[in-house]
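Take a look at the structure below.
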Amino acid sequence: MENKAEYIGTTEAAKLLRISGRRVVGLCSEGKLSGAFQPGRNWKIPIASVKQYMKDTGISLPEETGDAATGLLPFAIGNTSYIEISSECYYVDKTLLIRDLIDDHNMVTLFTRPRRFGKTLAINTIKTFFEKTTEDTSRYFTDKKIWNCGEKYQVMQGIYPVIMLTFKDVKYNTWEESLEAIRLVVKDEYKRHTELFESRALDSDAKQFLDRIEKGTISSVELQRALLNLTRMLSVHHGSKVVILIDEYDTPIQQGYSKGFFKDVISFMRNFFSGGLKDNADLAFGVLTGIMRVSKENLFSGLNNPMVNTVLDEKYNEYFGFTEDEVREMTRYYHRTAAMDEIRFWYDGYRFGNTEIYNPWSVTNFFASGGKAKPYWANTSDNDIIREILTELTPEIADDLVKVMQDEEIHASLDMEVIYPRMTDGNDTIFSFLLLAGYLTPAGRTVETEIGTFASLRLPNAEIRRIYNTEILGWIRTKQSGNIIPEIEKAVYLSDAERLQEALRKYMIASISFYDGAAEGFYHGMVLGLVASLSSKYYIRSNRESGEGRFDLQLEPKDKVLPGILMEFKAVSASEKEKLPELAEEALAQSEDRNYQRDLEDRDVSDIVRYGIAFAGKNVEVRMARQGSLIF
């Protein structure tokens with residue numbers, strides 16, 4: 001029998017190694033903790049092996065160092081102030097972004113990246129570097145990479161007046177509320193430039209405009225000229241050109257699309273941006289950030305070809321998110337080198353241009369939480385547009401979503417100039433949006449042809465896979481009180497056609513409009529989305545050739561203990577619901593007559609259940625057969 005003093009369990013080992021218990025189990029299984037054995041469900045691990053592993057990987061025992069966090073810089077979760085982060089917290093140096101902006105000489109640059117990938121911190125870093133202030137802010141850069149680039153860049157520090165606007169919090173349900181929020185954002189920026197209110201260089205018209213801004217009596221038309229007027233005032237007062245920085249420019253536009261005032265917000269923003277950024281003699285340069293590019297004809301028609309940098313572009317790719325080397329350095333600093341595999345599993349996998357990128361929000365939260373791996377990115381904002389995309393599911397789109405959930409790649413034509421009114425027009429816009437928003441990533445290099453951009457797409461990591469299973473398909477799970485998903489899963493596992501029929505009926509009554517059932521494709525996509533929760537136990541395929549035709553839906557069991565599933569759908573208008581029993585039987589017969597089970601049989605699945613499912617409005621009828629014999 002082992003000496004208890006010489007062995008510990010996975011929980012205690014996890015605390016010593018500062019990794020998850022699951023990762024400890026992995027190390028035991030891989031033989032990396034010598035002498036570990038599993039007498040029952042739990043592992044027994046020699047303490048000597050744990051200490052040796054810690055020595056090999058550079059982890060020190062807590063009793064040898066006291067508090068492991070003593071003397072280590074904290075992570076600034078949610079803080080986007082460059083000065084505070086670079087001075088008081090662990091900072092990943094991204095200041096070479098400034099060098100590249102200076103070298104490129106672009107008048108207007110738009111960076112599109114997923115949320116929480118460092119856009120706001122990047123904007124604040126640019127502001128701190130270029131802004132002319134009474135304080136000598138060069139001291140915040142002298143130990144950073146940009147300062148090592150030489151005098152050419154050092155002389156650019158602190159020489160411009162800077163306008164910085166952020167629209168990240170303009171999330172209201174009406175255009176009137178949104179317009180008021182924008183007015184307050186603009187007012188705050190005017191008031192930040194206190195020098196203007198005391199300036200002797202401004203004329204009476206400018207002074208009156210400032211007074212109306214301060215009192216909140218400015219009209220909507222004047223507000224659309226507020227960016228242009230502020231650049232002019234700052235230029236006159238300082239005798240210098242002005243830098244314009246706009247963070248999360250597309251948040252009000254997304255709200256407008258979701259809440260029904262898209263035309264109002266687009267009309268306003270077009271005039272607002274073009275006033276400050278088009279042919280403005282007082283503009284030094286401008287930088288905007290957002291999740292996506294709103295197409296030229298909708299917003300940027302007034303601008304002179306802004307340089308747009310997306311996740312597909314190779315330049316600037318290392319400035320948003322963390323690189324492999326940066327994350328590895330963090331693990332060394334926080335004495336968590338053994339956690340590198342776990343961090344990679346959860347948060348790596350993005351590909352920006354030709355660079356491998358980790359989700360920075362999740363990585364920083366991982367270290368700040370003491371090394372607890374979980375999906376931190378999932379709940380950082382709502383997913384209204386994602387859910388709208390899913391309400392427009394076609395069988396082809398739903399099939400591709402199921403594929404990526406099962407770690408397969410999908411092949412898509414990309415439209416990187418996504419516009420909100422066409423968000424759900426087809427696969428190219430839907431998957432382009434999911435790519436831009438961070439829910440998919442390129443599996444390799446994109447291919448440019450004369451007819452468009454093509455790429456293989458995949459899920460980046462375990463965190464995003466969790467989101468697909470909870471948030472992105474969560475709208476289905478919450479449509480019906482009591483959660484209808486378990487009922488559908490139970491019906492499939494038990495081969496219970498009556499239970500499946502009742503579950504589908506309850507779901508449709510609770511969640512779809514009477515007019516939703518206009519075509520068979522709608523129901524096909526709906527069922528495909530509902531059974532997506534079975535992807536851990538089944539390979540789910542849609543519209544594939546088998547036998548003498550194409551089945552509608554197939555579930556191939558990953559474990560042959562479960563039966564294979566075939567589903568064939570029929571649909572008629574709600575007024576023809578009396579035909580449902582006949583149509584369900586017809587669908588069932590079609591799957592047998594055309595030998596749709598051939599594909600499953602070729603994969604050595606012998607136990608096969610076939611369903612014929614007929615829909616009319618919110619009504620449904622299910623028939624089922626197993627091994628050729630009619631069951632219900």
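The values are calculated or read from the model by the stated rules, or taken from the named source; none is laboratory data. This is a predicted model, so every value here is computed, not measured. Cβ placement follows ideal geometry from the backbone for every residue including glycine, while neighbour counts extend to all protein chains displayed.
Restricting to region 435-457, count the residues that are aliphatic (A, V, I, L, M) and part of a strand (DSSP E or B). Walk me through how you get there before you give the answer.
If we filter region 435-457 for residues that are aliphatic (A, V, I, L, M), which is where we start, we get 435-437, 440, 443, 447, 451, 455, 457.
Narrowing further to those that are part of a strand (DSSP E or B): 447, 455, 457.
Total satisfying the criteria: 3.
Where in region 317-368 are there helices (runs of 4 or more DSSP H), lying fully within it, with 2 or more residues that are more than 18 Å from Tyr91 (Cα to Cα), at pLDDT 95 or above and of a type in the set (Lys, Arg)?
Values: elements: 324-333, 340-347, 360-368.
Those helices (runs of 4 or more DSSP H) do not exist here; none qualify.
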Pair list, Cβ < 9 Å and 6+ apart or interchain, from region 233-255 residues that are basic (Lys, Arg) to residues that are buried (at least 21 other Cβ atoms within 10 Å of the Cβ) and assigned to a loop (DSSP other than H, G, I, E, B) = Lys241/Pro161
The lone condition Thr174 fails out of (1) out of contact with any helix residue (DSSP H, G or I) (no Cβ under 8 Å at 6 or more places or on another chain); (2) over 23 Å from Phe285 (Cα atoms); (3) among the β-branched types (Val, Ile, Thr) is (1)
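So which helices (runs of 4 or more DSSP H) stay within region 75-142 end to end and still have 3 or more residues that are crowded, with 18+ Cβ neighbours inside 10 Å, out of contact with any Pro (no Cβ under 6 Å at 6 or more places or on another chain) and at pLDDT 95 or above? Walk me through it before giving the result.
On the way: elements: 82-88, 96-104, 119-130.
Filter on region 75-142 gives 96-104, 119-130.
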Of Gln590, Gln597, which residue is crowded, with 20+ Cβ neighbours inside 10 Å and modelled with pLDDT of 90 or more?
-> Gln597
Answer residue from region 185-214, given it is out of contact with any His (no Cβ under 7 Å at 6 or more places or on another chain) and assigned to a loop (DSSP other than H, G, I, E, B) and is surrounded by the fewest Cβ atoms within 10 Å (Cβ to Cβ) among those | Arg200
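How about region 319-338: which of its residues are in contact (Cβ under 8 Å) with a residue 60 or more places away in the chain and of a type in the set (Asp, Glu)? Even if it seems obvious, please write down each step before you answer.
Let us first name the residues in region 319-338 that are in contact (Cβ under 8 Å) with a residue 60 or more places away in the chain, namely 319-322, 326, 330, 332-338.
The answer is Glu326, and nothing else.
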All but one of (1) buried (at least 16 other Cβ atoms within 10 Å of the Cβ); (2) out of contact with any Lys or Arg (no Cβ under 8 Å at 6 or more places or on another chain); (3) under 20 Å from Glu135 (Cα atoms) hold for Ile182; which doesn't?
-> (3)
